[in-house]
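As structure tokens, the structure follows; a few thoughts come after it.
What follows draws every value from the coordinates through simple rules; no lab data is involved. Keep in mind that what you see is a predicted model, and the values were worked out from it rather than measured. For neighbour counting, all protein chains shown are included, and Cβ atoms are generated from backbone atoms with ideal geometry for every residue, glycine included.
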Amino acid sequence: MSTRDGAHELLRRLFGPSGQEVTCEECFELLDAYVEAELAGEDADCRLPGMREHMQGCPACYEEHESLRDFVRLENHGETT
């Protein structure tokens, strides 16, 4: 990552997203629907605006998203084999 990219990332994290953002509580409530939409090939960001922006700036919600998505993928894979 270049110095310029690093500075841009730091500013983005400090000032937050430019678009709509949800709270952590809202993110956790909507996470199942977001992951289901992602895995179904839908535009989850359009369906649930603000989720991606929130997860980009919130390590806890990002980690929860990654864990849930991986879990659902494994569960779905197990059902089809």
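Side notes on the structure shown:
- Each Lys or Arg adds one and each Asp or Glu takes one away; over the other residues whose Cβ falls under 11 Å from the Cβ of VAL22, this sums to -4.
- Alpha-carbon radius of gyration plus Dmax, which is the widest Cα pair, for the stretch 21-62 in Å: 9.3, 25
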